[in-house]
Amino acid sequence: DAMVIQNPRYQVTQFGKPVTLSCSQTLNHNVMYWYQQKSSQAPKLLFHYYDKDFNNEADTPDNFQSRRPNTSFCFLDIRSPGLGDAAMYLCATSRFQRYEQYFGPGTRLTVT
Amino acid sequence: GENVEQHPSTLSVQEGDSAVIKCTYSDSASNYFPWYKQELGKRPQLIIDIRSNVGEKKDQRIAVTLNKTAKHFSLHITETQPEDSAVYFCAASIDGGATNKLIFGTGTLLAVQP
């Protein structure tokens with residue numbers, strides 16, 4: 001089945017230790033998004049790619065970076081995680097000129 | 001930029017009753033309005049959406065209405081069941097060209113009491 005896959009599902013990292021979250025998709029969608037969702041809050045867009053074009057949200061901290069080496073994969077790098085970065089990180093995809101966004105299952109990040 | 005307000009933040013209904021969740025948006029250029037259901041610890045799932053050229057859309061027990069003049073849209077769930085219990089998010093999309101950016105409401109926790 002075509003889908004959006006995120007690995008790992010749960011990630012524990014130490015304060016200040018770099019961590020990478022991954023997302024892959026078999027939908028062949030042009031656009032990939034990364035959202036941060038904290039407890040009892042709505043998903044907050046961090047950035048998105050249209051193909052290889054990167055679009056950063058104005059309020060996304062510099063601590064968050066992303067890479068998209070090919071259509072299928074996208075990575076979220078957190079260079080120096082702080083306690084406030086503990087959250088669910090959701091990857092989503094959509095086809096160019098289509099509106100529907102398809103979400104992956106998320107990675108729950110814990111910072112100790 | 002776009003801002004989406006959602007009410008109520010929590011809603012408790014008896015099984016079989018109807019539930020209504022309302023959202024307002026600020027940018028008249030928004031033209032796509034999806035609703036997502038998110039169960040605890042799971043991904044948001046699209047349950048219904050509406051585009052600005054339509055006033056109402058229905059899918060079995062779920063319906064969405066849109067009032068472009070007033071800039072608000074609502075989710076209606078009839079004959080609620082315990083499995084409808086979840087957090088529901090509305091969103092509005094500003095067509096930014098090649099990509100669409102969803103601006104989410106703050107969510108409504110729906111509890112359906114058996």
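Which of the residues spanning the range A:87-101 are more than 7 Å from every other protein chain (Cβ to nearest Cβ), in contact (Cβ under 8 Å) with a residue 60 or more places away in the chain and more than 13 Å from A:PRO43 (Cα to Cα)?
Answer for the range A:87-101, where residues must be more than 7 Å from every other protein chain (Cβ to nearest Cβ), in contact (Cβ under 8 Å) with a residue 60 or more places away in the chain and more than 13 Å from A:PRO43 (Cα to Cα): A:THR93, A:ARG95.
Quick one: in the range A:13-43, of everything that is aliphatic (A, V, I, L, M) and farther than 27 Å from B:GLN6 by Cβ, which residue is farthest from the other protein chains (Cβ to nearest Cβ)?
So the residue we want is A:VAL19.
For the range B:1-51, give me every one of the strands (runs of 3 or more DSSP E) that falls completely inside it and has 3 or more residues that are under 21 Å from A:TYR99 (Cα atoms) and touching a residue at least 40 places away in the same chain (Cβ under 8 Å).
It comes to B:4-7, B:19-25, B:32-38.
For A:LEU45, indicate whether it is under 11 Å from the mean Cα position of the chain (by Cα) and under 23 Å from B:ILE94 (Cβ atoms).
yes
Can you tell me which residue is surrounded by the fewest Cβ atoms within 10 Å (Cβ to Cβ) among those in the range A:4-42 that are of a type in the set (A, V, I, L, M) and in contact (Cβ under 8 Å) with a residue 60 or more places away in the chain?
A:VAL12
Might you let me know whether the range B:22-30 holds any residue that is under 28 Å from A:VAL4 (Cβ atoms), buried (at least 16 other Cβ atoms within 10 Å of the Cβ) and at pLDDT 95 or above?
Yes - at least one qualifying residue is present in the range B:22-30.
What is the number of the single condition among (1) of a type outside the set (Lys, Arg); (2) surrounded by fewer than 21 Cβ atoms within 10 Å (Cβ to Cβ); (3) more than 28 Å from B:GLN6 (Cβ to Cβ) that A:PHE47 does not meet?
(3)
Answer with yes or no whether B:LEU66 is more than 22 Å from B:THR10 (Cβ to Cβ) and in a strand (DSSP E or B).
Yes, satisfied.
Say whether the condition of being charged (D, E, K, R), within 20 Å of A:ALA42 (Cα to Cα) and not in a strand (DSSP E or B) is met by at least one residue in the range B:75-87.
Taking every residue of the range B:75-87 in turn, at least one turns out to be charged (D, E, K, R), within 20 Å of A:ALA42 (Cα to Cα) and not in a strand (DSSP E or B).
So, in the range A:66-84, how many residues would count as being more than 14 Å from A:CYS23 (Cβ to Cβ) and surrounded by fewer than 20 Cβ atoms within 10 Å (Cβ to Cβ)?
5
Can you say whether B:SER93 is at the interface with chain A (Cβ under 9 Å from one of its Cβ atoms) and modelled with pLDDT under 95, as far as the supplied structure shows?
yes
The values are calculated or read from the model by the stated rules, or taken from the named source; none is laboratory data. Just so you know, these numbers come straight off a predicted model, no measurement behind them. For neighbour counting, all protein chains shown are included, and Cβ atoms are generated from backbone atoms with ideal geometry for every residue, glycine included.
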